[in-house]
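The values are calculated or read from the model by the stated rules, or taken from the named source; none is laboratory data. The structure presented is a predicted model; accordingly, all values stated were derived computationally and were not measured. Note that we place each Cβ from the backbone using ideal geometry, even for glycine, and neighbour counts take in every protein chain shown.
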Amino acid sequence: MTDTHGAIDAVWRIESARIVAGVARIVRDVGLAEELAQDALVTALEQWPDSGVPRNPGAWLMAIAKRRAIDLIRRKETYQRKLAELGHELEIDGDSVEDDVEAILEDTIEDDLLRLVFTACHPVLTTDARVSLTLRLLGGLKTDEIARAFLAPEATIAQRIVRAKRNLAKAGVEFEVPAGDELLDRLSSVLEVVYLIYNEGYSATAGDDWMRPALCNEAMRLGRLLAELMPQEPEVHGLLALMELQSSRAKARIGPSGEPVLLLDQDRRRWDRLLIRRGLESIDRAWALDGQPGPYLLQAAIAACHARSAEADDTDWARIAGLYAVLAQVAPSPVVELNRAVAISMAFGPENGLIAVDALAGEPALKDYHLLPSVRGDLLFKLGRRDEARAEFERAAALTRNERERALLLDRAAAC
């Protein structure tokens, strides 16, 4: 029973976005689509413990969710209109649609997930609501995980998601990729969503795994779709470059037993040279376009400094610190300042890094952010202040909810 529930949870993590997107194309309501997808999940929880996990669990869940959608449409007065719309869209004679409706609805549209992102990022919602809702629908993330990504209270995120779905339904937002100026207006929040999904895959906020590769791959797939859709937007290429360069380290980030391996300890021979090449090409495309560099392109430039260094000792930390200083002006954030402090410590010594870190001690957004005491512990360790370093590592371990990361931090505390 426990194994089956674990399998269901894993399948949901991977497949929920596709299921919600596929059903949303039918019902044209992302809130309703999520409810129907959740109904399919409940059915799996009821049936799979007895029948076993099907050979293709994602397809099974999709089929159940779409059947629920079809049943719902049939129960409504608008059923004939919906069938006519689907038949016209697929250029099928309306008389034959009803007989073959389930087969028709099994057809896949490549950009369903992209439609889902842009629908959830509609201007009728606040920026925070767009990001929260899309993370929920596209990434299959739980409310507390989204709160972690936002450094916001869980109750705030829960209310935000409920209001967002209600407002989309009330406004009758179409399930579509916008065009023209409307597309540009929504791009910023879409990029933010994609990158937050990527980050959840790259450094999982909770659970037993250090990474969730499926989320990283999905975010990169969406990034590539965006690059095809908007080839003249430098930030689209910048985001794609950033994700590809960071993903190039994936194999080296995890040790033989699944434990995290920090950047400076990684075997760079294991970095994926193909992804590095693709990432650097994306950066070149972005720099070739007009406009001031945005936050994703600047972060990609930082990642490129690491990618171009064959050994950790070759890293141009002074350039990285300078890029973080520019990034802090373009997109001010306590987390950016924390990363800049790390670069300062590497370029100019741990004493200077500690000064920069201590300047962030009063930031409310970092109060429960485990990387603040983790970075501080590392700097104190380098300065020989072992007792203080141990206390910081232990505090960081208490704050993280990722088991792999907690073990790493407790090991570092013990090393003090």
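Quick look at the numbers
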read-out	value
Hits in the range 331-350 (condition: in a helix (DSSP H, G or I) and either at pLDDT below 95 or within 18 Å of ARG148 (Cβ to Cβ) (or both))	PRO334, VAL335, VAL336, LEU338, ASN339
Selection count where residues are out of contact with any Asp or Glu (no Cβ under 7 Å at 6 or more places or on another chain) and buried (at least 18 other Cβ atoms within 10 Å of the Cβ), scope the range 213-230	7
Every residue from the range 336-369 that is over 18 Å from GLU388 (Cβ atoms) and of a type in the set (Ser, Thr, Tyr)	TYR369
Residue match in the range 111-126 (condition: over 27 Å from ILE8 (Cβ atoms), buried (at least 19 other Cβ atoms within 10 Å of the Cβ) and aliphatic (A, V, I, L, M))	yes
Selection from the range 140-187 of residues that are among the polar types (S, T, N, Q) and in contact (Cβ under 8 Å) with a residue 24 or more places away in the chain	ASN167
Total residues in the range 358-416, condition of a type outside the set (A, V, I, L, M, F, W, C), within 14 Å of PRO334 (Cα to Cα) and in contact (Cβ under 8 Å) with a residue 24 or more places away in the chain	5
So ALA219, is it part of a loop (DSSP other than H, G, I, E, B), among the aliphatic types (A, V, I, L, M) and under 22 Å from ILE302 (Cα atoms)	no
Residues being under 14 Å from GLY140 (Cβ atoms) and among the acidic types (Asp, Glu) - total across the range 169-225	2
Check on ALA325, surrounded by 21 or more Cβ atoms within 10 Å (Cβ to Cβ) and part of a helix (DSSP H, G or I)	no
Selected residue (only one of ALA303, ALA286 is more than 20 Å from ALA214 (Cβ to Cβ), under 20 Å from the mean Cα position of the chain (by Cα) and either in a helix (DSSP H, G or I) or in contact (Cβ under 8 Å) with a residue 24 or more places away in the chain (or both))	ALA303
Candidate set: the range 351-374, residues that are part of a helix (DSSP H, G or I) and out of contact with any helix residue (DSSP H, G or I) (no Cβ under 6 Å at 6 or more places or on another chain); chosen: the one farthest from VAL336 (Cα to Cα)	GLU351
Test: residue in the range 264-272 that is in a helix (DSSP H, G or I), touching a helix residue (DSSP H, G or I) at 6+ places or on another chain (Cβ under 6 Å) and surrounded by 13 or more Cβ atoms within 10 Å (Cβ to Cβ)	yes
